[in-house]
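Step one of this worksheet: look at the structure below.
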Amino acid sequence: MKEVIEVPVLSAAVRRLGVPLSLVTRANGMVFVSGTPPLDLATGALVKGDIPVQTTASLNAVAHCLAAAGSSLDRAVMVRIYAANAGFYGAINAVYAGFFPTNPPSRTFVPVASWPMEFDLEIECIALA
């Protein structure tokens with residue numbers, strides 16, 4: 001069975017935007033976190049700033065989503081980073097390495113054209129429950 005997890009502050013923010021998705025679902029011992037842009041954990045608003053600031057905010061939001069489902073970044077098995085510019089690769093890696101200092105999960109980096117909102121990356125994650 002699939003269980004939709006309510007994430008404090010962020011689930012409500014996504015609903016206000018009218019985006020038809022669940023931030024987190026749990027099924028068969030796994031936690032699935034939707035592509036998560038840089039969201040402020042206190043307000044749900046988009047975090048503005050350069051790519052290191054946005055990367056930090058997005059990874060913090062992913063960690064918050066995992067925690068709501070009873071998991072954590074150290075249980076992550078796959079991460080996908082979608083970025084609006086392939087040139088952000090190095091700056092994203094510098095921040096990312098701080099969140100996964102040892103035994104990082106599998107990862108894919110995908111350059112994309114754009115989003116309908118003002119942010120430069122979003123990160124999705126699959127983790128053990």
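Overview of results
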item	result
Fraction of alpha-carbon pairs over 23 Å apart in the chain - percent	26 percent
With at most 14 neighbouring Cβ atoms within 10 Å, loop GluC sites (Glu not before Pro) (DSSP) excluded, longest segment of the chain	7-117
Furthest towards positive pole of dipole, G44, A12, T25, structure part the chain, Cβ charges	T25
Amide N of segment 93-129 lying under 11 Å from the label point, which is placed 7 angstrom from the Cα of A86 along Cα→Cβ	110-112
Size of electric dipole in the chain: Cβ of Lys, Arg +1 and of Asp, Glu -1, about Cα centre, debye, nearest 20	240 debye
Share, in percent, of DSSP beta bridges within the chain that are antiparallel, nearest 5	80 percent
Listed residues T108, F119, G90: farthest to the positive end of the dipole of segment 73-127 (Cβ charges)	T108
Contour minus Cα-Cα distance for L17 and L41 (0.36 nm per residue)	7.1 nm
Apportionment of accessible area to carbon and sulfur, the chain, percent (1.4 Å)	58 percent
The chain - accessible surface per residue (Å², probe 1.4 Å)	50 Å²
Cα centroid separation - segment 73-128 against segment 1-47, whole Å	17 Å
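The values are calculated or read from the model by the stated rules, or taken from the named source; none is laboratory data. Bear in mind the structure is a predicted one, so any value in this text is a computation, not a measurement. As a convention, Cβ positions derive from the backbone with ideal geometry for all residues, glycine included, and neighbour counts pool all protein chains shown. Accessible surface areas use protein heavy atoms only, side chains included; no ligands, DNA or RNA. Shrake-Rupley method; radii C 1.70, N 1.55, O 1.52, S 1.80 Å.
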